[in-house]
1. Here are some residues: E290, E299. Which one is open to solvent by 80 Å² or more (accessible area, probe 1.4 Å) and closer than 29 Å to I512 by Cβ?
2. I'd like to check something: does region 422-429 contain any residue that is under 30 Å from D306 (Cα atoms), part of a loop (DSSP other than H, G, I, E, B) and either touching a strand residue (DSSP E or B) at 6+ places or on another chain (Cβ under 8 Å) or open to solvent by less than 30 Å² (accessible area, probe 1.4 Å) (or both)?
3. Determine whether region 309-328 contains at least one residue that is under 30 Å from K541 (Cβ atoms), buried (at least 20 other Cβ atoms within 10 Å of the Cβ) and out of contact with any Ser or Thr (no Cβ under 6 Å at 6 or more places or on another chain).
4. Quickly run through region 541-568 and pick out the residues that are open to solvent by 40 Å² or more (accessible area, probe 1.4 Å) and within 25 Å of the chain's Cα centre (by Cα).
5. Can you tell me how many residues in region 572-602 are in a loop (DSSP other than H, G, I, E, B), open to solvent by 30 Å² or more (accessible area, probe 1.4 Å) and closer than 18 Å to D335 by Cβ?
6. Quick test for you: out of R263, R196, pick the one residue that is modelled with pLDDT under 85 and on the phi > 0 side of the Ramachandran plot.
7. Can you tell which of G415, G351, G377, G404 is in contact with a helix residue (DSSP H, G or I) (Cβ under 8 Å, 6 or more places away or on another chain) and at positive phi?
Amino acid sequence: NAVLGQLWLEIDEEIASSGASTYGVISKVINKNMKNFPWLNRNMVNYYRTKATKELTLPPQEIGEQFEAAVSGVTSESGERNRCKGGRPMGTTLEEKENLNKHKKLALNHAATKCKELKELYQESKRMKWGGYDNIIAETNAIFDLHTPDKINKETVRTRLKKNRKILVARRGPVSPMVRVESYLVEVILSLSAMRQPVTPLVALELINFLVKGTATEQEILDYKLKNLKLNEPEENGRLLGLKYWHNFLKRNPILSTKKAVRFDSKRDDWCTLDNFSFMYKDIYATMVESRVAIELDEEQWVSKDGIIVHSEEQAFGRKTKYFVTRPEYIIFVDETGDNTSQKNDGNVNGTRYVCDRDERCLQTSSFKDRHFTSLGFTLADGRPLLCAIIIACGAIDAKTKMGLQPWCPIVGDGRLEDNLEANSNGIDKFFPHGPTCTVGCKEIPAFVTCSENGSITSEILTEIMRYIDSFDIFDRTEAHPFLLLDGHGSRFGVDFLTYVNSEQSKWFVCIGVPYGTSLWQVADSKEQNLTFKNETKKAKSEVIQKKAELHLPLHVEMHDIVGIVHRAFHKSFGNVDTNRQAIAERGWHPLTYALLDHKELSRDKSSKATAHALENCLMTGQQPIASEEELNLSSGVSRTLLERIVEKEVRERARNKALEEQKEAIRLEKISNYKEGTRVTAGITFNGHGCHLNSEVLQRVQDINNQRRQKEEAAVTKALEKEEKFKHKVEQVKKKEKSKWNTDDHRVICSWFKRPGDSKLPNTKEALKARYELTCTRREEERNRLKVGEVAVVDELLELDIGEQTMV
């Protein structure tokens, strides 16, 4: 109204200045302010004028100070204002509505109770003072912070005081006897969910029926159904409580919901703990200080999401911290995002629907040609992209694949394409799109395109990428060393990579995070980067198929299409600075606020909010929850099975926590021992026994293990050669004898010498060994590990047939 009133003042001024002519004035003012107020239209302006005329408020009311912010865009010539982000206005979210309804119910119950007490006080002695109910209602509105039009009504309260009416009411209609049990039921359901063993609605309904079976509550339910529902028989399938009750139960407890379960790795359950994430943050923050990209203050401070020190927890984001990033352009996050040229498993982006015949399937032409590729988006802590790396599954990469090819794009310039190569390169809509180029400072960094056997990252490729980044001289190592955060993939523990990042000339501070918890702390696993990138690649592949169909080309996503697809998807995912900053802040990497320590997944405790809500529902009806568990059936059926599961889990957790606490030092020493004396180096072993920083100590440990492995392999080869020489000497001794004097052992030695892969095992009798020798003695003696051309494997069935024929003769 304030904005519309200001617009009418402007309209009246225009009419007065134009000599009382109104033609085009309203359209002119509306078009002028449309940019600032997209919701504005002529009907709204006219309606405001009509309403103001009826209420005798013309000319429009004067705009006070409280409306200055709202109407500042009307008088602004530049039209600059913050973008409307959409969404619900403040105070109208579902949660706010639920809280408001709950406050109104509690206020009505409170006012009705107080008015009843006041009425009983004055009922026999003397007349009640005038305004007694009004005072109670006013106090109640103030206590529960209710404002017009949500204030409670005196007539509603007086209705509660009539004869045979309830004072305490939670909702319309009769109250189910089950409200006394529901707080306990909610607690059981949430306990099972916290154990990663949620139950289905049917199992939960079966649990409800068994909890009240054979108890006083069961008879109360039967009486309730007979009185209010006119039912005296069980529900379908012989259940006392059916699906109708289940739906009402969910309505009374809206904090509960039915969802599809997500498969949760047991190893992730073991690793994603509050202790592991606390250790990760402390170790990585300390490493950032060591690399001089962050500083450590003497006292902890509250910090906003933008990294600004604030004075209260309400203004802050995350927890208190004494670590602050000073050089965000030296901090890099990266992870691999795998994809494929095949559209077989792409699905629909955001549930896109297409129009087709009602009785037919909706089919879309797609490419099933398989070619795996991996994309890596290197992101700086300030949100800017640093580099796009693409790894394609192939043996060698040619210029066409590295540049990309989009024949549907128009050719710029006259003459041949080769003469205008630069004008037709480096761009989403160019004939040769190339990979996305990132700009850091005044330097442009082209995409890094390479290949591997299966399209995945290797230690050698990762080292090449690091060397490629350093070739642009982005980091001044006299000020600070670049910091890189990675997951625990095996390529991070290659000797080449660890040697490069720990060299004095190319020093990098590299850290890994909690194993099996990358979906929480890894920036590239966020929906802002990973999910958006995959959705955009799906769109780009569909666009490639569409463009090729227009040119009558084969409808396949080829290897030379990959670079263009990644280029289109990169700018909306890894190249989006605003969403990158959000993903980085929400994971506690800038600002350094331990943000994930408050994540729900790290807290194994069940939510008490739902249980408290169920208790409030019960108390608002004037009933008391069950006094003890003895009022429920916990000794049979599903209720016994599920509760035994909860108790067993709780007992095991307590025993485990007690053992961990008592043997804390022994467990720590064992982890260090596994790191220092183990036969391999993995992310888990390194995280537990060493820490997050992949420094020179980790490099030395990897080199020692590789040397030990190499020595074992060399020893095995030497041992095999010695064994072969002894065997050869034994054969030579046999050959020096006359054949007629060979015994069974001599025949076994010589047959073993001529045995090849594919032959049956050696026979035991002398006659059979002689026959085997006659069949194999003509074989060449070099390279005894394979059959040569013209040689045939000896099989027992053929040998037995030959011996049988000789015996018959």
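The values are calculated or read from the model by the stated rules, or taken from the named source; none is laboratory data. Nothing here was measured: the structure is a model prediction, and the numbers come from that model. Every residue, glycine as well, gets a Cβ built from its backbone with ideal geometry; the counts of neighbours run over all protein chains shown. Just the protein is used for accessible areas: all its heavy atoms, side chains included, with ligands, DNA and RNA removed. Shrake-Rupley method; radii C 1.70, N 1.55, O 1.52, S 1.80 Å.
1. E290
2. no
3. There is no residue in region 309-328 that is under 30 Å from K541 (Cβ atoms), buried (at least 20 other Cβ atoms within 10 Å of the Cβ) and out of contact with any Ser or Thr (no Cβ under 6 Å at 6 or more places or on another chain).
4. Within region 541-568, just R568 meets the criteria.
5. 3
6. Checking each option against the conditions leaves just R196.
7. G404
Yes or no, residue by residue, for (1) open to solvent by 10 Å² or more (accessible area, probe 1.4 Å); (2) touching an Asp or Glu at 6+ places or on another chain (Cβ under 9 Å); (3) among the hydroxyl-bearing types (S, T, Y); (4) part of a strand (DSSP E or B):
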site: S456; (1), (2), (3), (4): yes, yes, yes, no
site: L462; (1), (2), (3), (4): no, yes, no, no
site: G488; (1), (2), (3), (4): yes, no, no, no
site: E536; (1), (2), (3), (4): yes, no, no, no
site: K539; (1), (2), (3), (4): yes, no, no, no
